[in-house]
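S.K.: Before I ask anything, here is the structure I am working with.
The values are calculated or read from the model by the stated rules, or taken from the named source; none is laboratory data. Please read all numbers here as calculations on a predicted model, not as lab measurements. Cβ: placed from backbone, ideal geometry, glycine included. Neighbour counts: every protein chain shown.
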Amino acid sequence: MSAAPASGTLFIVAAPSGAGKTSLVHALLEREPGIRLSVSYTSRQPRPNEVDGQHYHFVSREAFERMAAADEFYEYANVHGDLKGTARSAVEPLLARGCDVLLEIDWQGARQVRAAQPDSVSVFILPPSRAELERRLRARASDSAETIARRLANSREEVAHAGDFDFIVVNDRFDDALADLRAIVTTQRLRRDAQLVRHAALVADLLAAG
């Protein structure tokens, strides 16, 4: 799967379930309005208070599989028994216009995206401990005991892939983790290539003969 060259930056944020990824992403987007969140599709049922089109696009498994067969996804994967994916139409047009886009996805989807978009910037969120991860999962009170046990078991494989990412952030103190995320965004925006495009007129003026 290939993607056209993009002038915007594609940020990828992944984590084991319960690490606080979604809360951090929402806080980041509130403070960094220049980043657009890509809303993923999923075949699972919505949790309480989840809104279709805001948290996910909730579709049937059959509808998801039809979209996958039609190559409509930028990436997709089976996550905890449910299908999740990012539609091409939600990412590539924005990147082509120079917009930064954030994907909140799992490690499997992140691997596909990194292969398709080597210039993407990937971040893995770790919980401060396994005990805290389990506490957060149980505190959500939205999953069955069986689902929580499965998520805890799967977290080992997810964490094993943390080394595949460009950055790792430990979400112990929320404000510190958020500051780390914002620093990653700022660092990317200050890179040479991005700055030369953003300030092309300034550079041309400074190089002009007097």
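S.K.: Quick one: is ASP166 modelled with pLDDT of 95 or more and surrounded by 13 or more Cβ atoms within 10 Å (Cβ to Cβ)? Write out each step before concluding.
M.R.: Values: modelled with pLDDT of 95 or more: yes; surrounded by 13 or more Cβ atoms within 10 Å (Cβ to Cβ): yes.
Yes; evaluated as a whole, the condition is true for this residue.
S.K.: Here is a follow-up. Answer yes if at least one residue in segment 114-128 is outside any loop (DSSP other than H, G, I, E, B) and either at positive phi or free of Cβ contacts under 8 Å to residues at least 40 places away in the same chain (or both), and no otherwise. Break it down into steps so the answer makes sense when it comes.
M.R.: Taking segment 114-128 and keeping what is outside any loop (DSSP other than H, G, I, E, B), we get 114-116, 121-126.
Okay, now just the ones that are also either at positive phi or free of Cβ contacts under 8 Å to residues at least 40 places away in the same chain (or both), so none.
No; the residues of segment 114-128 include none that is outside any loop (DSSP other than H, G, I, E, B) and either at positive phi or free of Cβ contacts under 8 Å to residues at least 40 places away in the same chain (or both).
S.K.: Given the options ALA177, ALA209, ALA160, ALA204, name the one that is modelled with pLDDT of 95 or more and either among the small types (Gly, Ala, Ser) or farther than 16 Å from THR22 by Cα (or both).
M.R.: Details: ALA209 fails: modelled with pLDDT of 95 or more; ALA160 fails: modelled with pLDDT of 95 or more; ALA204 fails: modelled with pLDDT of 95 or more.
Step by step, each of ALA177, ALA209, ALA160, ALA204 is checked, and only ALA177 is modelled with pLDDT of 95 or more and either among the small types (Gly, Ala, Ser) or farther than 16 Å from THR22 by Cα (or both).
S.K.: Same structure again: Go through (1) in contact (Cβ under 8 Å) with a residue 24 or more places away in the chain; (2) under 20 Å from ASP82 (Cβ atoms) for ALA153 and report which single condition fails.
M.R.: The one condition ALA153 does not meet is (1).
S.K.: Among the listed residues GLY98, GLY8, identify the single one that is under 30 Å from ASP176 (Cα atoms) and surrounded by 17 or more Cβ atoms within 10 Å (Cβ to Cβ). Before you say what the answer is, go through the steps one by one.
M.R.: On the way: GLY98 fails: surrounded by 17 or more Cβ atoms within 10 Å (Cβ to Cβ).
Exactly one of GLY98, GLY8 is under 30 Å from ASP176 (Cα atoms) and surrounded by 17 or more Cβ atoms within 10 Å (Cβ to Cβ), namely GLY8.
S.K.: Of the residues that sit in segment 67-86 and are among the hydrophobic types (A, V, I, L, M, F, W, C), within 17 Å of the chain's Cα centre (by Cα) and modelled with pLDDT of 90 or more, which one is surrounded by the most Cβ atoms within 10 Å (Cβ to Cβ)? Explain how you work it out, then say what you get.
M.R.: So the first thing to find is which residues in segment 67-86 are among the hydrophobic types (A, V, I, L, M, F, W, C), and the list is 67-70, 73, 77, 79, 83.
Filter once more, so that each one left must be within 17 Å of the chain's Cα centre (by Cα): 73, 77, 79, 83.
If we keep only those that are modelled with pLDDT of 90 or more too, we end up with 73, 83.
Working: PHE73: 25, LEU83: 21.
Residue satisfying both the conditions and the ranking: PHE73.
S.K.: Moving on. Give just the number: which of (1) surrounded by 14 or more Cβ atoms within 10 Å (Cβ to Cβ); (2) over 17 Å from LEU37 (Cβ atoms); (3) at pLDDT 85 or above does SER129 not satisfy?
M.R.: SER129 satisfies every listed condition except (1).
S.K.: Looking at LYS21, LYS84 in this structure, which one is in contact with a strand residue (DSSP E or B) (Cβ under 7 Å, 6 or more places away or on another chain) and within 21 Å of THR186 (Cα to Cα)? Don't jump to the end; show me each part of the working.
M.R.: Details: LYS84 fails: within 21 Å of THR186 (Cα to Cα).
Matching residue, one of LYS21, LYS84: LYS21.
S.K.: Would it be correct to say that ALA141 is in a helix (DSSP H, G or I), out of contact with any Phe, Trp or Tyr (no Cβ under 9 Å at 6 or more places or on another chain) and loosely packed, with under 12 Cβ neighbours inside 10 Å? Explain how you work it out, then say what you get.
M.R.: Details: in a helix (DSSP H, G or I): no; out of contact with any Phe, Trp or Tyr (no Cβ under 9 Å at 6 or more places or on another chain): yes; loosely packed, with under 12 Cβ neighbours inside 10 Å: yes.
Judged against the criteria, ALA141 is not a match.
S.K.: Name the residue that is nearest to the chain's Cα centre (by Cα), counting only residues in segment 87-113 that are assigned to a strand (DSSP E or B) and farther than 15 Å from LYS21 by Cβ.
M.R.: Residues of segment 87-113 that are assigned to a strand (DSSP E or B), as a first pass: 87, 100-104.
Next, only the ones that are farther than 15 Å from LYS21 by Cβ stay: 87, 100-101.
Numbers: ALA87: 13, ASP100: 12, VAL101: 9 Å.
Applying the filter and picking the extreme gives VAL101.
S.K.: Of the conditions (1) of a type in the set (Gly, Ala, Ser); (2) modelled with pLDDT under 90; (3) outside any loop (DSSP other than H, G, I, E, B), GLY18 fails just one. Which one is it?
M.R.: (3)
S.K.: To continue, here is another question. Could you check, for segment 43-66, whether at least one of its residues is farther than 30 Å from ARG191 by Cβ, among the basic types (Lys, Arg), surrounded by fewer than 17 Cβ atoms within 10 Å (Cβ to Cβ) and without any contact (Cβ under 8 Å) to a residue 12 or more places away in the chain?
M.R.: There is at least one residue in segment 43-66 that is farther than 30 Å from ARG191 by Cβ, among the basic types (Lys, Arg), surrounded by fewer than 17 Cβ atoms within 10 Å (Cβ to Cβ) and without any contact (Cβ under 8 Å) to a residue 12 or more places away in the chain.
S.K.: Restricting to segment 169-200, count the residues that are of a type in the set (A, V, I, L, M, F, W, C), loosely packed, with under 14 Cβ neighbours inside 10 Å, in contact (Cβ under 8 Å) with a residue 12 or more places away in the chain and within 21 Å of GLU132 (Cα to Cα).
M.R.: Within segment 169-200, the first condition is being of a type in the set (A, V, I, L, M, F, W, C), and the residues that meet it are 169-170, 174, 177-179, 181, 183-185, 190, 194, 196-197, 200.
With the extra rule that they be loosely packed, with under 14 Cβ neighbours inside 10 Å, the set shrinks to 174, 179, 183, 190, 196-197, 200.
Now restrict to residues that are in contact (Cβ under 8 Å) with a residue 12 or more places away in the chain: 174, 197.
If we keep only those that are within 21 Å of GLU132 (Cα to Cα) too, we end up with 174.
Result for segment 169-200: 1.
S.K.: ALA90 versus (1) surrounded by 17 or more Cβ atoms within 10 Å (Cβ to Cβ); (2) modelled with pLDDT of 90 or more; (3) small (Gly, Ala, Ser): which is the lone unmet condition?
M.R.: Just one mismatch for ALA90, condition (2).
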